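The values are calculated or read from the model by the stated rules, or taken from the named source; none is laboratory data. On a predicted model such as this, the values are computed, not experimentally measured, just so you know. Because the Cβ atoms are built from the backbone with ideal geometry, glycine has one as well, and the counts that use them run over all protein chains shown.
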Amino acid sequence: MSHVNTIYNQLLHLVPRHEFESLVKKYGGDRYVKYFTCWQQFMSLFYAQVRTKDSLRDIQTSLTAQSSRWYHIGLKDIKRSTLTDANNKRKYQIYENFFYKLLDRCKDITPKHKFRFDNPLYTMDATVIDVCLSMFPWAKFRKRKGALKLHYLYDHSGAIPSFLVVADARQHEIKAAKEQEFPLVSDSMR
């Protein structure tokens with residue numbers, strides 16, 4: 001069988017695995033794990049994100065359909081219940097801290113612009129995402145409309161969001177800013 005370097009494999013090469021493994025070790029993520037490690041969970045969820053899979057069944061079905069092509073990255077067939085258990089029992093801090101490490105790497109390579117302030121500039125904004133009320137009754141926004149709101153802190157130096165909070169669609173940005181501890185650099189402009 002010939003080896004084909006997939007785009008997914010190329011994307012995985014951009015992820016610093018040693019930093020991920022150090023976080024797994026720090027939080028004991030693979031403790032008492034025999035088969036489905038944190039790295040395999042990350043690869044499965046990363047695949048689901050890249051391919052816009054909507055459910056655990058969809059993830060499992062598509063991974064099983066392509067199982068002969070996963071040998072080169074070490075991903076094995078998984079059951080839906082295994083993925084569910086891993087999502088429920090693993091510490092979220094592993095993935096949260098890993099996100100912030102990736103964010104720091106992205107800030108280093110984002111395009112820089114000539115217009116600069118003496119102090120860092122941040123903007124807080126919000127986006128309303130409409131959802132189907134019959135599918136998500138917890139997201140009731142109006143009588144017949146469901147929605148949730150993303151409050152994010154936009155860092156203008158890197159042109160990327162530096163913090164994000166998912167909240168009820170009725171919550172105003174000022175209230176979210178007062179309730180959340182947004183990580184701002186001292187002497188920054190808001």
**Message:** Based on this model, can you work out whether ILE78 counts as in contact (Cβ under 8 Å) with a residue 40 or more places away in the chain, among the aliphatic types (A, V, I, L, M) and in a helix (DSSP H, G or I)?
**Reply:** no
**Asked** Any idea which residue in region 122-155 is nearest to ASP108 (Cα to Cα), counting only those that are in contact with a Ser or Thr (Cβ under 7 Å, 6 or more places away or on another chain) and surrounded by fewer than 18 Cβ atoms within 10 Å (Cβ to Cβ)?
**Response** TYR154
**Prompt:** For residues in region 9-57 being part of a helix (DSSP H, G or I) and of a type in the set (S, T, N, Q), which is nearest to LEU75 (Cα to Cα)?
**Reply:** GLN40
**Asked** Which of the residues that make up region 165-190 are outside any helix (DSSP H, G or I), in contact with an Asp or Glu (Cβ under 9 Å, 6 or more places away or on another chain) and at pLDDT 65 or above?
**Response** VAL165, ALA167, ALA169, GLN171
